[in-house]
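Each reported figure results from applying straightforward, stated rules to the coordinates on display, with no laboratory input. Only a predicted model underlies this, so the values are computations on that prediction, with no experimental measurement involved. Glycine also receives a Cβ, built like all others from the backbone with ideal geometry; neighbour counts cover every protein chain displayed.
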Amino acid sequence: MTGVQTCALPILFLNCQIVGNIILDVQGNHADGIAVFLGSTNTTVRNNVILNCNYPLCVKASSDITVAYNQLHSPDMYAFADYGYNTNVLIHNNTLLRDNDNPSARLDGGESNFKNNIRYTFGGQGSLTPDANKNLTINHSMDNTVFVNAAGNHQLKSGSPAIDAGLNLGYTLDLLGYTVPYNGTPDIGCYEYH
């Protein structure tokens with residue numbers, strides 16, 4: 001069997017970093033790749049690849065959480081879910097993928113700290129122009145404009161509207177360890193174009 005199985009007890013993250021993991025094929029009722037829940041605090045979730053999971057990354061009722069430079073993929077649920085009741089959650093430079101044309105991010109806590117992310121929305125909606133927080137909200141008809149190969153390589157292709165379009169949020173390395181920013185201005189998403 002592929003994937004990870006956990007017991008029913010939640011894990012409380014306190015003053016820690018969850019960095020550099022590859023998590024694949026976690027399926028089932030409320031199957032989370034990483035769940036930062038119910039009192040977790042001062043935790044960084046960074047440089048992880050979580051693919052083919054029902055809910056790759058969820059945050060709820062926690063504080064001082066940073067989610068940055070992750071590639072998260074769900075076949076038909078939210079790739080990232082902020083279920084609210086959080087304080088100071090920063091969601092920066094993630095690539096949030098979903099197989100169908102529905103939103104790949106749930107943001108019950110609002111979008112004020114949601115910056116430099118690529119996410120999906122409903123078919124027929126979306127834009128190749130970043131919003132005020134420098135998020136690129138696209139639908140699948142825009143994949144070939146943004147990514148090298150949406151079927152498997154979600155790095156930015158030459159000419160992508162995500163290149164040099166982000167905010168400088170103080171990060172120095174992308175998901176692959178490349179320098180950020182590469183050309184003076186950070187890119188949107190978890191991969192810096194080189």
Given bins 5 angstrom wide, list per bin the percent of all Cα-Cα distances in segment 32-125, short to long. 3, 15, 28, 27, 18, 6, 2, 0
Local electrostatic count, residue 114, Cβ distance below 15 Å [Lys/Arg +1, Asp/Glu -1]: 0
For 35-41, 115-121, 138-144, ranked highest to lowest by mean beta-carbon neighbours within 10 Å, the order is 115-121, 35-41, 138-144
Calc'd 3J(HN,Hα), segment 16-26, phi into Karplus 6.51 cos²θ - 1.76 cosθ + 1.60 (θ = phi - 60°), Hz, glycine/Pro = x, comes to 9, 10, 10, 9, x, 9, 10, 10, 10, 6, 8
Quick check on packing: order 155-161, 74-80, 52-58, 20-26 by the mean number of other C-beta atoms within 10 Å, highest mean leading. 52-58, 74-80, 155-161, 20-26
Whole-number Å³ per residue for the convex hull built on Cα positions in segment 121-194: 86 Å³
Percent RCO, i.e. relative contact order, over segment 27-162, from Cα pairs under 8 Å lying at least 6 residues apart: 15 percent
Under 5 Å, built H, 5+ apart or other chain: amide partners of residue 135: 116, 117
Sorted largest first, the Cα spans of the chain on the principal axes come out in Å as 46, 33, 28
I'd like to compare 43-49, 162-168: which one has the highest average count of other Cβ atoms within 10 Å, and what's the full order after that? 43-49, 162-168
Treating the beta-carbon of each Lys and Arg as +1 and of each Asp and Glu as -1, no other charges, what is the dipole magnitude of segment 74-194 about its Cα centre, to the nearest 20 debye? 80 debye
